[in-house]
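Input: a single structure, listed below in structure tokens.
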Amino acid sequence: MATKTYDQYCGIAAALDRVGDRWTLLILRELSFGARRFTDLRTRLPGIATNLLVDRLRSLEEDGLVEQRELPAPAARTVYALTPEGRRVNPVLRALSGFGQAFLAEPVEGAVRPEMAVHGALAPRLDARAGLGTAVRVRFDLGDSELWLEERDGALVRPDQAAAPDLVVTGSPAALMELCRGTARLSDVADRLQVTGPRTARRTFAKVFDLVL
């Protein structure tokens, strides 16, 4: 826990005691995408001082939100990952990202990370109530990245990447971001973003994420 505390009997205050320090939520954001090496975190968090990153990771480990893992050979090295307790922050990150979309400038081609488009812009659009009784698995081939998103019964679940996707979205992360922010329709970005899959899956996707693909 941070040395400073709001000392209030309030869930928000207790949460901020643990994740409210500068850079902490962005560190958790990166780890929500998957396990990361220390050097990966430094690269993806430009501007953070090395000693501050060390301090934040140590605090998150002490609070049981982050753990260190050793990758098996031949890539034997230490990575940081969210613990099961730490993964409870994922809905909070999605809610914050959804809230922040309105404050972003228009996306610039080549400047939007695929993870930000899929997990930061699309995932927060999930309508849990509309998703009851539905399921859709989507693979995103954006730039050099392959990302997955799977909705089941109104919730995002760990994608089954061994199974075939219902939809495949290929192309530009910036174009996907434009769709999610409502500044473009699919026909406007058809030269930069392509979607393949049956109409039934597209209808399910549109119902659950309120976005026509």
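What follows is calculated from the coordinates using simple rules that are stated; it is not laboratory data. Fair warning: this is a prediction, and the values are worked out from it, not measured in the lab. With ideal geometry, Cβ positions are generated from the backbone for all residues, glycine too; neighbour counts draw on all protein chains shown.
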Projecting each Cα onto the charge dipole of the chain (Lys/Arg +1, Asp/Glu -1 at the beta carbon, about the Cα centre), which of LEU142, SER59, ALA13 comes out farthest on the positive side? LEU142
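Arranged from highest to lowest average of other beta-carbon atoms within 10 Å per residue, in what order do the peptides 8-16, 80-88 appear?
Details: 8-16: 11.7, 80-88: 15.1.
The densest-packed peptide leads the list: 80-88, 8-16.
Helix-derived [θ] at 222 nm for the chain: sum -39500 (n - 2.57) over DSSP H runs of at least 4, divide by residue count, nearest 500?
Dividing the helical sum by the residues of the chain leaves -9500 deg cm²/dmol.
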Determine the shape class of the range 11-87: with a ≥ b ≥ c the square roots of the Cα gyration tensor eigenvalues, call it rounded for a/c under 1.5, and otherwise prolate if a/b is greater than b/c, oblate otherwise. oblate
Once normalised by the length of the chain, the mean sequence separation of its alpha carbon contacts under 8 Å that are 6 or more apart gives a contact order in percent of 15
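Write down the percent of antiparallel bridges among all DSSP beta bridges whose residues are both part of the chain, to the nearest 5.
Counting DSSP beta bridges with both partners in the chain, the antiparallel share is about 80 percent.
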Distance in nm between ALA111 and THR78 label points, each 7 Å along Cα→Cβ, equals 3.6
Measure out, as a whole number of angstrom, how far apart the alpha-carbon centroids of the range 120-190 and the range 72-103 sit. 18
For LEU104 and GLU146, compute 0.36 nm times the residue count separating them, minus their Cα-Cα distance, and round to one decimal in nm. 12.7 nm
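Is the shape of the range 71-213 rounded, prolate or oblate, going by the alpha carbon gyration tensor and its root eigenvalues a ≥ b ≥ c, with a/c under 1.5 for rounded and a/b larger than b/c for prolate?
rounded
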Local electrostatic count, TRP23, Cβ distance below 11 Å [Lys/Arg +1, Asp/Glu -1]: 0
Spacing of the two label points (7 Å from each Cα toward its C-beta) at THR43 and ASP160, in nm: 3.3
